[in-house]
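The values are calculated or read from the model by the stated rules, or taken from the named source; none is laboratory data. Small disclaimer: the values here were computed from a predicted structure and weren't measured. Here Cβ is always computed from backbone atoms with ideal geometry, including for glycine, and neighbour counts include all displayed protein chains.
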Amino acid sequence: MVYVLNNDGSPLMPCTEAKARHLVEGGKAKVVRRTPFIIRLTFLVEGEVNTEAVTLGVDAGSSLIGVSVTTEGRVLLEAEVEVRNDVPQSMEERRSKRRARRNRKTRYREARLDNRKRPKGWLTPTMETKVRTHENVIDKLCSILPASRIVIESASFDIQKIRDPGIEGEEYQQGEQLGYENVKAYVKARDGFRCRSCGSRDHLEVHHIRQRKDGGSNSPDNLVTLCHECHKAWHEGKKDRGTLSEDPGFKAATEMSTMRWILLDRVRKTHPDIPVKETYGYVTNHGRKSHGLEKRHFIDARVISGNVTAMSDGVLWHVVTRRSHNRKIHKDTMLKKGVRKANQAARKVAGFGLNDKVMYAGQLCYIHGRRSSGYFDIRRLDGTRVHAGIHYRHLTLVERANTNLIYKEVMEVSPSGRA
Ligand SMILES: [Zn+2]
Ligand SMILES: [Zn+2]
């Protein structure tokens with residue numbers, strides 16, 4: 001699949017590789033990027049060009065994000081994005097450096113009094129990175145595909161429906177089963193994802209205190225989270241109500257994940273022209289299970305997009321995010337005469353920047369470290385070192401790392417999403 005931009009830079013529907021080659025060879029398009037392959041037309045296509053509804057589904061996550069851009073029958077792009085996990089370490093490092101600096105005798109610094117207030121909507125650096133990675137991925141996808149709708153899973157269950165089961169949405173037609181899935185997701189969250197009998201976190205099931213056949217209802221006060229062992233014991237008559245811990249009751253914190261709500265809010269602000277809808281984890285789980293699909297982040301994203309039966313071309317992009325520059329200015333140890341040695345290399349050394357994709361001795365590598373002498377530390381995507389100090393004349397630039405989502409790699413997956 002090749003992604004196509006109109007002459008004004010707006011996204012059009014993707015085309016096949018053969019068509020793209022034809023366009024490029026005929027001078028009707030220019031190559032913008034190779035991973036993923038993006039071309040831009042040299043002429044302007046006018047009028048209503050994107051007639052098909054394209055939905056972007058986002059499975060938000062704190063370590064792995066699943067995204068799927070679909071039409072009713074086709075998956076246009078699917079990816080799993082690894083979120084940076086080195087932020088807490090970097091913050092710790094900064095903290096210790098600052099502490100050390102305060103204990104040193106340094107030049108007089110004017111007291112800082114007016115800059116300690118956190119602005120509204122402030123997030124911890126770790127959380128901020130996570131939310132921004134989601135935003136970046138969404139922005140990137142919206143820039144290469146004509147998304148007409150964005151769907152984000154904002155919570156695992158819909159508290160509104162539990163509080164007031166009378167309101168019946170469009171999903172109601174999918175039957176009572178779906179409503180029960182919602183209640184089950186709620187009950188697990190209410191019980192803190194622990195067995196109410198023994199406190200275990202493994203193999204959790206939801207049990208009816210008063211059984212269905214005895215007239216017990218599906219309402220949360222008749223349901224309790226138990227681990228598989230305790231559940232079995234209960235049905236064998238070895239456990240009863242008396243062994244349960246107290247009902248923790250509903251807490252606002254269990255209602256939603258802050259990160260997802262902030263994300264939803266920000267995406268709505270940055271894409272005012274695209275409707276941003278929310279969905280719930282129980283709907284996703286139900287959709288995935290009823291179609292017999294694998295439990296993977298990109299498949300959840302496909303279900304979230306609403307086009308469960310869309311077929312992919314078997315390509316899954318694996319995206320890794322890395323920081324784009326080293327912010328540490330000086331080396332830790334001082335040189336003689338008290339000179340602090342610079343730690344940062346120039347952004348570009350001999351034309352190569354951090355994370356640029358290069359070819360060395362027939363293999364694809366990425367610039368990991370650069371030295372002003374013109375020697376580079378090059379590594380593979382997984383971090384294994386290829387060469388600790390290779391001169392630039394042995395490297396050929398394949399692609400510059402000019403996006404926030406730096407590395408991309410294709411994997412083969414089952415087009416239908418079934419195992
Ligand atoms: Zn248990
Ligand atoms: Zn049971």
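One table, with the values for the structure above:
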| read-out | value |
| --- | --- |
| Filter pass, residue 267 being farther than 21 Å from residue 3 by Cβ, modelled with pLDDT of 90 or more, β-branched (Val, Ile, Thr) and buried (at least 20 other Cβ atoms within 10 Å of the Cβ) | no |
| Criterion (farther than 24 Å from residue 160 by Cα and more than 16 Å from ligand 2 (Cβ to nearest atom)) met by exactly one of 201, 194 | 201 |
| Top-ranked residue of segment 191-248 - restricted to ones that are within 24 Å of residue 156 (Cβ to Cβ) and in contact with a Gly (Cβ under 8 Å, 6 or more places away or on another chain), ranked as farthest from ligand 1 (Cβ to nearest atom) | 218 |
| Segment 179-207, residues that are surrounded by 14 or more Cβ atoms within 10 Å (Cβ to Cβ), part of a loop (DSSP other than H, G, I, E, B) and of a type in the set (Asp, Glu) | 191 |
| Subset of segment 12-29 (residues that are touching a residue at least 40 places away in the same chain (Cβ under 8 Å) and over 11 Å from residue 40 (Cβ atoms)) | 13, 14 |
| Test: residue in segment 15-34 that is surrounded by 17 or more Cβ atoms within 10 Å (Cβ to Cβ) and in a loop (DSSP other than H, G, I, E, B) | no |
| Residue 337 being at positive phi and exposed (fewer than 12 other Cβ atoms within 10 Å of the Cβ) | yes |
| Check on residue 135, part of a strand (DSSP E or B) and touching a residue at least 60 places away in the same chain (Cβ under 8 Å) | no |
| Those residues of segment 208-231 which are surrounded by fewer than 20 Cβ atoms within 10 Å (Cβ to Cβ) and assigned to a strand (DSSP E or B), in sequence order | 208 |
